[in-house]
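Below: the structure, in structure tokens.
Please treat every number below as a calculation from the coordinates, not as lab data. Bear in mind that the values here come from a model prediction, so they are computed numbers and not experimental data. With ideal geometry, Cβ positions are generated from the backbone for all residues, glycine too; neighbour counts draw on all protein chains shown.
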Amino acid sequence: MHASRRRRSTTVLLPLALLALLIFAGCGISPQTTIDPRGPNARMIFDLFNLWIFWPAVVVFFGVEAALVWAAIRYRGRDGDPLPNQIHGNTPLEITWTIIPAVILIVILYFTFQTQAALANPPEDPNSVHVRVIGHQWWWEFQYPDLGVTTANELHIPSKVPVVVTLESADVIHSFWVPLIAGKQDVIPGRVNRLWLQADEDGTYFAQCAEFCGIEHALMRFLVVAQSQSAFNDWATGERRIQGFGSAALPTPVPGEPPSLVQQGATLFANGACITCHTVRGTQAAGKIGPELTHFGSRGSIAANTLQKQDPVNDPDGSKRFSLKRWLRNPQAVKPGNDMPNLNLSEADIDAISAYLESLK
Amino acid sequence: MAVAAPPAAAPAPVHVPAPPVHVEHAEAAPRWSGWDWLATVDHKKIGVLYLLTGFGFFLLGGFEALLIRTQLIKPLNTFLPPDIFNQMFTMHATTMIFLAIMPINVGLGNFIVPLMVGAADMAYPRLNAFSYWLFLFGGIFINLSFLMGGAPNTGWFSYSPLTQKAFSTTNGVDFWVIGLSVLGIASVAGAINFIVTILKLRAPGMTFNRMPLYTWMTLVVSFLIIFSFPSITVALILLLFDRLAGTHFFNPAGGGDPLLWQHLFWFFGHPEVYILILPSMGIVSEVLPIFSRKPIFGYSFIAYSGVAIGFLSFTVWAHHMFATGLGEFANGAFATGSFLIGVPTGVKIFNWIGTMWGGSIRYRTPMLFAVGFIAMFIIGGISGISLASPPVDFQQTDSYYVVAHIHYVLFGGAILGIFAGMYYWWPKIFGRFLDEGLGRLHFWGTMVGFNMAFFPMHWLGTEGMPRRIYTYFPNMGWDFWNAFSTTGAYILGLSVLVLVANIFISWRREQPPMPDNPWDAATLEWATSSPPPAHNFDAVPVVYSRYPLWEERHPVEGGAPQHGAAMAATSDSPVAHPEEAQEGGHAFHLPAPTIFPLIFAFGLLLVAFGLLFAPPILRVTFVITAVLYFAVAIYGWVKQVSE
């Protein structure tokens, strides 16, 4: 009797232990996790979830499942057993187990309302920054109206101060989500939504569109770069600078000297299809369809964080412009369905254009 | 007390025929020819058609799921191109919701509910046939999009403006919109049929308070359908105008409102979740007492909590829209509704456990699935709580956490319940058992595969993996659990193959004649032969309690006949028509078979194609042809009635 009971308990415990092992084995924390908050907005949500929902849920889960498993095992019958007691119910008991969940839910609701109120408005701060976020299929435009800066796919913010983002869309519905710093907020055409975020520390945070927005929804990613106030100011100053060659928008050829690779690239860029979609301030390029490229050379990634400029295998320091060339060779092979067509550029043109783009610091 | 000895004395209680019932069936199990199927108006044949078609679509939707999981087995996988992946998850959800779970529930209900309430057929047999054919054609129509320019690829929720012509250039969304409209007609017609059947055709003595819980839940679901489907129908037609006629109802570029679509869609979409799950709650409420061999614990609490869930399901739709910026007040109000609906749901779970408590449980396959249903539905219910809290939802919505949650509700809940019902009613429907050993293998394979596939998704969502992405990068920490989940999905797929094998083997294997009541069950469908004759009951059953076939255990106070009580024939019953009595003692008027519901439904399929493909020059001709076609179809239909 005892032996058989022990055997039964090992058959139950062994898989459980195995499962626990597996969970911990797979527990690498993701750079996009919601449970390691790095800002007050995400932290308030995590505290609500962790304290008032997750742990009570664990208790309820084990309590109810245990009751179920107990009933399922304890009351096993065999063919031929006498008929069990024919109980139809127990009203006081049933009222009790109606009221208890109601009370638990009211408590959770109370703390939910509390967190909602706390999340509604950003803390007052004179250094607060305003960013206008515009979602595009499948990249992000960031405008800083007070700073005169426009950039794409890498959102720079000063750390430790609240940042108010207003969310607009150029086409379909997207959702702005920086899991480590704040909960998501939808980006809806025809509306302006609002969200605030704040990073505790300097750092680079992964972020991604969370509302299905068409073929390349999966590759509509971006980075949030939080930096000290002075580094942020330096960055903004750099971003305001317009590009050009001295006072000219295009390089003027020096007689008797072959144009440099960058100069060749600038000419190809300005005379080619590029400028119909892209802007490089200070040049003729003023297209509004694709991401602004004025300071492309200072960004670390390409095509909404689809490719990293530094390829750990082929191009560890990024100097070979391996990823950018791969993109220019055929954007449709990297991110099928995106709005940039295959321009069928020659290898020499790709070399020149990529050199020019990287020079746009 | 002169209570009869409990069936404990019987050697093999599972096969004890229902003691109080003894009926001579005039005919053997019918042989059904092809024409019988096309022209049938018999609720049992229509039920079988629904079950077979629904199961076929279930296999298709499952295959699509396996393609999705195969693409996600490793980062940067190139198994499916992005657009095909998007078509797959759109069609997986559309198929499972509209073409598998709903029709399978309608099929079980079609077969069982009239028997359960002691009726000879559904209230409107021709409308019933019409509903089935329309469902079949609508399902085929949507899936033809795969062969005709590409399936819908905007998700089953189809948020505008992604669905506008400017962003979705293939015909896929048109197929989706028109197909769902057609399916909606079928669902509403079916729901009206169930409501009238349940309200008007119950056997004498079957008060609401004695109605089986499965019938209760079918009634609630039918009301949910007729109140929620108009909302999506309006939305679908407006979207169709946007796409075909260039209107701007949901198009912000023309002053339309994309959030209007979301409100109309989710006003349908959330009750739809309960349309999918409540029938399974009803099935479990039937199976648990039979195999625990004691009555349901707290009948009224279960029945009324089902009604409460039905009402509350119309107050929670905007919890799908917390992140759209509705504002703190609206979010708070919808959070309150969503928390509230947790209470009746919890009550049901406690009552089910209470039913097993103190019982003498026989673990046949239906019972295994019923217990599995409770165990899994607890998880789906609990994970819903965090989604109902707007701040937490800001992190979890549109992440894999939601994918986990819906699958614990719709697979762990709805489909496990359907499996319980399939194994439970199979002997009644087909007159043969499914194999117990294979049933157990199916159950355990399902439990292992299902939990492996879906439990890790809670973690993936918490780790920030958005849903509906066709690929992810290797440095995101999502590799292991995605591979694990895909492995689970394959195991789940294998377990479904076990079910298919079980059906096939039981079909081919010689089996002894099925007794009327092989499970020692309590409700009226077990008081007639297995499978039942065309007219269902030889005499109109009369009901004196909630458990007409268990009256020996639960003697009815106040003068009900002690033995054979349930089956006394009455001449004043509204169902019986003694003047039409035929040979063999049948006292029922059975409606004549007719092909016209099929012809009518086929016409709507032609209209669907016409909407999409009619060249402008032929449109007037098409409309005139369609009017004539439907005039003939309606004439034939009505003529049959008046004969």
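The mean number of partner chain beta-carbon atoms within 10 angstrom of a residue's beta-carbon across peptide B:254-266 is 2. Based on Cα atoms of the range A:188-341, Rg over Rh with Rh as the Kirkwood radius reads 0.99. The orientation-averaged projected area of the convex hull spanned by the Cα atoms of the range B:595-643 comes to 3.1 nm². Counting beta carbons within 10 Å around each of B:247, B:594, A:112 and listing the fewest first gives the order B:247, B:594, A:112. Considering only beta bridges that DSSP places wholly inside the protein assembly as shown, some 70 percent are antiparallel.
If you wrap chain A in the convex hull of its Cα atoms and look at it from every side, the mean projected area works out to 28.2 nm². Here the residues B:311, B:394, ranked from fewest to most Cβ neighbours within 10 Å of their Cβ, fall in the order B:311, B:394. Backbone amide hydrogens, once placed in the peptide plane, bring residue B:163 within less than 5 Å of nothing, excluding anything fewer than 5 places away on its chain. Between amide H atoms placed 1.01 Å from N, distances below 5 Å from residue A:169 occur with A:135, A:188, A:190, A:191, all of them 5 or more places distant or on a separate chain. For residue B:41, the residues whose modelled amide H falls within less than 5 Å of its own, excluding neighbours fewer than 5 places apart on the same chain, are B:594. Note on residue A:339/residue B:497: beta-carbon distance plugged into 1/(1 + (r/R0)^6) with R0 of 35 Å gives a FRET efficiency of 0.20. For chain B, the ratio of Cα radius of gyration to the globular rule of thumb 2.2 N^0.38 Å stands at 0.97. Among the listed pairs A:184/B:348; A:288/B:165; A:160/A:320; A:320/A:361, a Cα-Cα separation exceeding 27 Å is found for A:184/B:348; A:160/A:320.
Neighbour counting of Cβ atoms within 10 Å sorts the residues B:224, A:307, fewest neighbours leading, into A:307, B:224. With the simple spin-label model, which puts each label point 7 Å out from Cα in the Cβ direction, the residue B:237 to residue B:639 separation comes to 3.1 nm.
Rounded to the nearest 5, what is the percent of antiparallel bridges among the DSSP beta bridges in the range A:127-253? Walk me through the intermediate numbers first.
Values: 25 of 37 bridges.
Antiparallel bridges: around 70 percent, rounded to the nearest 5.
Once the mean 1/r over all distinct Cα pairs of the range A:173-260 is inverted, what Kirkwood radius in angstroms do you read off?
Across the range A:173-260, the inverse of the average 1/r is 16.8 Å.
For residue B:387, neighbours were defined as the other residues whose beta-carbon sits under 12 Å from its Cβ, and their charges (Lys and Arg +1, Asp and Glu -1) total -2. Using the Stokes-Einstein relation with a Kirkwood hydrodynamic radius computed over Cα pairs, the translational diffusion coefficient of the range B:328-446 at 37 °C and a viscosity of 0.692 mPa s comes to 204 µm²/s. Listed values for the range B:526-534 are Karplus-derived 3J(HN,Hα) couplings in whole Hz (6.51 cos²θ - 1.76 cosθ + 1.60, θ = phi - 60°), namely 8, 9, 10, 5, 10, x, x, x, 4, and x replaces Gly and Pro.
Mean silhouette area of the protein assembly as shown, derived from the convex hull of its C-alpha atoms and averaged over all directions, reads 45.9 nm².
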